[in-house]
Amino acid sequence: MRRISIFGATGSIGQNTLDLIARAPNTYQVVALTGGGNIAQLARDAIAHRAQVAVTAYEDRLSDLQDALAGTGIEAAAGEAALIEAAARPADWVMSAIVGAAGIAPGFAALEQGATLALANKESLVAAGQLLLSTAATHGADILPVDSEHSAVFQALLGEEVAQVERVIITASGGGLRDWPIEKLADATPQDAGAHPNWDMGQRITIDSASMFNKALELIETREYFGFNPNQIEAVIHPQSLIHALVGFCDGALMAHLGPPDMRHAIGFALHYPKRASLPVARLDLAQIGALQFEAPDDARFPALRLARDVMEMRGGAGAVFNAAKEIALDGFLAREIGFMQMSVVVEETLSRIAQEVSLSNPLESLADVRGMNHLARVRAREVMARVSQMRR
Ligand code: NDP
Ligand code: MG
């Protein structure tokens, strides 16, 4: 039996992963399942999948989890240290699907015990890409991308030589506000930005899709995971979300990966890799689809893409700052402290303020460095946000 753990099991990616696991009884032994505030779901899944341990990120929810698991023999634990302890438990395959920087440390712990890390938590690559890859190499562990675009690039590269790649194009739906006039974007509410035309995802990534911060993170993720130069990586708007990415080779061939917008494809690919297995995803009917559209993204509308280019050039600690500032700005937008277009202002100003304090291109050499940069960026982003929110009033 293959031992698996799922971090962020109660979320959108986590639930899709459990859906695949549930379809193959007696194949997997679930070691750890983790969640945040959704204790009922976590307990239900831990019981259904006979997990060894269930962990909630929140220490003040431990007694709720213990109550929900009473008499089942499943261990209950809580807090960040417990998440890391659970990630260090021997497992063959670990899904990293916590949202945000909170997902970084458990991923490192999973790699250190040699598990294959199925990586949905893009923040890990953005904030700590070089360190994550070197940790995997040191421990002989594999990282498999689960973000749909990166899974698509990975698949297009199978059997190819990376040196013969000219360019990589990742697609973006354009998000929930794609058809809004640019001058109205400043007034968009979390509700407006929280509806995605194609994908059913967690709230935070859905809003990041509307602002293109999600695509910005994915450009950086592409640079860090595959090692391409920033000028080889492009994003194009493709409203249908059927092509997830394309890889262009030196002979001009462009290999596209198509599939329905269903994360079970990328999750299932990572679960079965290096084999392929039948997956419960819809099959595309091309004649019925009829046409596919593409459009260049407008930098004025999506400043996050321009900022991502700077971060890809700087590398070092810039990704950790970009991600942390984005998380604070998104919290501020969700709390209606700043407007939709002010999120990128907060991120840009945080980057330039921290660049005056430290050299952003210096590499982060340990998890402690990553935590330190993440912390500093959060503090500065809150200061910047306090000022930016005044401008709004
Ligand atoms: P969700 O918001 O649906 O789920 C997030 C998960 O993380 C939940 O299990 C949640 O617990 C848990 N969680 C939240 N806060 C914390 C915390 N501070 N510490 C520990 N756990 C926490 O997110 P998604 O599933 O949409 O996304 C997960 C990751 O995958 C993100 O990094 C996202 O960018 C990436 N991703 C997602 C895609 C998608 O289709 N959804 C596509 C590609 C990448 P609870 O709900 O119990 O509070
Ligand atoms: Mg994606």
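Inspect the stretch 122-131 for any residue being β-branched (Val, Ile, Thr), open to solvent by less than 50 Å² (accessible area, probe 1.4 Å) and away from ligand 1 (no atom under 16 Å from the Cβ) and give the result as yes or no. First the steps, then the outcome.
Narrowing the stretch 122-131 to residues β-branched (Val, Ile, Thr): 126.
Among the residues that remain, those that are also open to solvent by less than 50 Å² (accessible area, probe 1.4 Å) are: 126.
Now restrict to residues that are away from ligand 1 (no atom under 16 Å from the Cβ): none.
Within the stretch 122-131 (the criterion being β-branched (Val, Ile, Thr), open to solvent by less than 50 Å² (accessible area, probe 1.4 Å) and away from ligand 1 (no atom under 16 Å from the Cβ)), the answer is no, since none of the residues qualifies.
In this structure, does Gly372 turn out to be under 21 Å from Gly103 (Cα atoms) and free of Cβ contacts under 8 Å to residues at least 40 places away in the same chain?
On the way: under 21 Å from Gly103 (Cα atoms): yes; free of Cβ contacts under 8 Å to residues at least 40 places away in the same chain: yes.
Judged against the criteria, Gly372 is a match.
Could you list, in sequence order, all residues of the stretch 258-280 that are aliphatic (A, V, I, L, M), in a loop (DSSP other than H, G, I, E, B) and surrounded by 15 or more Cβ atoms within 10 Å (Cβ to Cβ)?
Step one: of the stretch 258-280, the residues aliphatic (A, V, I, L, M) are 258, 263, 266-267, 270-271, 277, 279.
Okay, now just the ones that are also in a loop (DSSP other than H, G, I, E, B), so 263, 277, 279.
Once the filter is applied, which keeps residues that are aliphatic (A, V, I, L, M), in a loop (DSSP other than H, G, I, E, B) and surrounded by 15 or more Cβ atoms within 10 Å (Cβ to Cβ), the stretch 258-280 yields Met263, Leu279.
Of the residues that make up the stretch 134-148, is at least one within 12 Å of ligand 2 (Cβ to nearest atom) and among the charged types (D, E, K, R)?
Of the residues in the stretch 134-148, the ones within 12 Å of ligand 2 (Cβ to nearest atom) are 145-148.
Within this subset, residues satisfying the condition of being among the charged types (D, E, K, R) are 147.
Yes: the stretch 134-148 contains one or more residues that are within 12 Å of ligand 2 (Cβ to nearest atom) and among the charged types (D, E, K, R).
Somewhere in the stretch 73-90, is a residue in contact (Cβ under 8 Å) with a residue 60 or more places away in the chain, away from ligand 1 (no atom under 16 Å from the Cβ) and among the charged types (D, E, K, R)?
Going through the stretch 73-90, the residues in contact (Cβ under 8 Å) with a residue 60 or more places away in the chain turn out to be 83, 86-87, 89-90.
Cutting the leftovers down to away from ligand 1 (no atom under 16 Å from the Cβ) gives us 89-90.
Right, trim to among the charged types (D, E, K, R) and you get 89.
Yes, the conditions are met somewhere in the stretch 73-90.
What are the residues in the stretch 158-202 that are free of Cβ contacts under 8 Å to residues at least 24 places away in the same chain, under 29 Å from Ala270 (Cβ atoms) and not hydrophobic (A, V, I, L, M, F, W, C), if any?
Those that are free of Cβ contacts under 8 Å to residues at least 24 places away in the same chain, under 29 Å from Ala270 (Cβ atoms) and not hydrophobic (A, V, I, L, M, F, W, C): Gly159, Glu161, Gly194, His196.
Output the residue which, of all residues in the stretch 20-39 that are open to solvent by 20 Å² or more (accessible area, probe 1.4 Å) and over 17 Å from Ala77 (Cβ atoms), is farthest from ligand 2 (Cβ to nearest atom).
First, the residues of the stretch 20-39 that are open to solvent by 20 Å² or more (accessible area, probe 1.4 Å): 22-29, 37-38.
Next cut, over 17 Å from Ala77 (Cβ atoms) only: 22-29.
Values: Ala22: 24, Arg23: 23, Ala24: 25, Pro25: 30, Asn26: 32, Thr27: 27, Tyr28: 25, Gln29: 29 Å.
Going through the qualifying residues, I end up with Asn26.
Looking at the structure I just gave you, is Asp179 within 16 Å of ligand 1 (Cβ to nearest atom) and either touching a Ser or Thr at 6+ places or on another chain (Cβ under 6 Å) or of a type outside the set (Gly, Ala, Ser) (or both)? Break it down into steps so the answer makes sense when it comes.
Values: within 16 Å of ligand 1 (Cβ to nearest atom): no; either touching a Ser or Thr at 6+ places or on another chain (Cβ under 6 Å) or of a type outside the set (Gly, Ala, Ser) (or both): yes.
So Asp179 fails the test.
Among (1) open to solvent by 40 Å² or more (accessible area, probe 1.4 Å); (2) not in a helix (DSSP H, G or I), there is one condition Asn231 misses while meeting the rest; what is its number?
Unmet for Asn231, out of (1) open to solvent by 40 Å² or more (accessible area, probe 1.4 Å); (2) not in a helix (DSSP H, G or I): (2).
Give me a count of the residues in the stretch 360-381 that are over 22 Å from the mean Cα position of the chain (by Cα) and more than 20 Å from Ala308 (Cα to Cα).
1
If you take the residues of the stretch 370-393 that are among the charged types (D, E, K, R) and open to solvent by 60 Å² or more (accessible area, probe 1.4 Å), which of them is farthest from Phe108 (Cα to Cα)? If you could, list the steps in order and put the result at the bottom.
From the stretch 370-393, those among the charged types (D, E, K, R) are 371, 378, 380, 382-383, 387, 392-393; that's our starting set.
Now narrow it down to the ones that are open to solvent by 60 Å² or more (accessible area, probe 1.4 Å): 371, 382-383, 387, 392-393.
On the way: Arg371: 13, Arg382: 27, Glu383: 30, Arg387: 35, Arg392: 40, Arg393: 42 Å.
Of everything passing the filter in the stretch 370-393, Arg393 is farthest from Phe108 (Cα to Cα).
Identify, by number, the condition in (1) open to solvent by less than 10 Å² (accessible area, probe 1.4 Å); (2) closer than 16 Å to Val153 by Cβ; (3) within 16 Å of ligand 1 (Cβ to nearest atom) that Glu224 doesn't meet.
(1)
I need the full set of residues from the stretch 203-212 which are surrounded by fewer than 24 Cβ atoms within 10 Å (Cβ to Cβ) and either of a type in the set (A, V, I, L, M, F, W, C) or within 17 Å of Arg264 (Cβ to Cβ) (or both), in order please.
To start, the set of residues in the stretch 203-212 that are surrounded by fewer than 24 Cβ atoms within 10 Å (Cβ to Cβ) comprises 203-206.
Within the stretch 203-212, just Ile205 meets the criteria.
Taking the stretch 234-257 on its own, how many of its residues are open to solvent by 20 Å² or more (accessible area, probe 1.4 Å) and either hydroxyl-bearing (Ser, Thr, Tyr) or assigned to a loop (DSSP other than H, G, I, E, B) (or both)?
Adding up the residues that qualify gives 6.
Determine which member of the set Ala188, Ala172 is within 16 Å of ligand 1 (Cβ to nearest atom), of a type in the set (A, V, I, L, M) and open to solvent by less than 10 Å² (accessible area, probe 1.4 Å). If you could, list the steps in order and put the result at the bottom.
Values: Ala188 fails: within 16 Å of ligand 1 (Cβ to nearest atom).
Being within 16 Å of ligand 1 (Cβ to nearest atom), of a type in the set (A, V, I, L, M) and open to solvent by less than 10 Å² (accessible area, probe 1.4 Å) holds for just one of Ala188, Ala172, which is Ala172.
For the stretch 150-196, what are the residues that are within 15 Å of ligand 2 (Cβ to nearest atom) and assigned to a strand (DSSP E or B)?
Val168, Ile169, Ile170, Thr171, Ala172
The values are calculated or read from the model by the stated rules, or taken from the named source; none is laboratory data. Small disclaimer: the values here were computed from a predicted structure and weren't measured. Note that we place each Cβ from the backbone using ideal geometry, even for glycine, and neighbour counts take in every protein chain shown. The accessibility values were calculated without ligands, DNA or RNA, using every heavy atom of the protein model including side chains. Shrake-Rupley method; radii C 1.70, N 1.55, O 1.52, S 1.80 Å.
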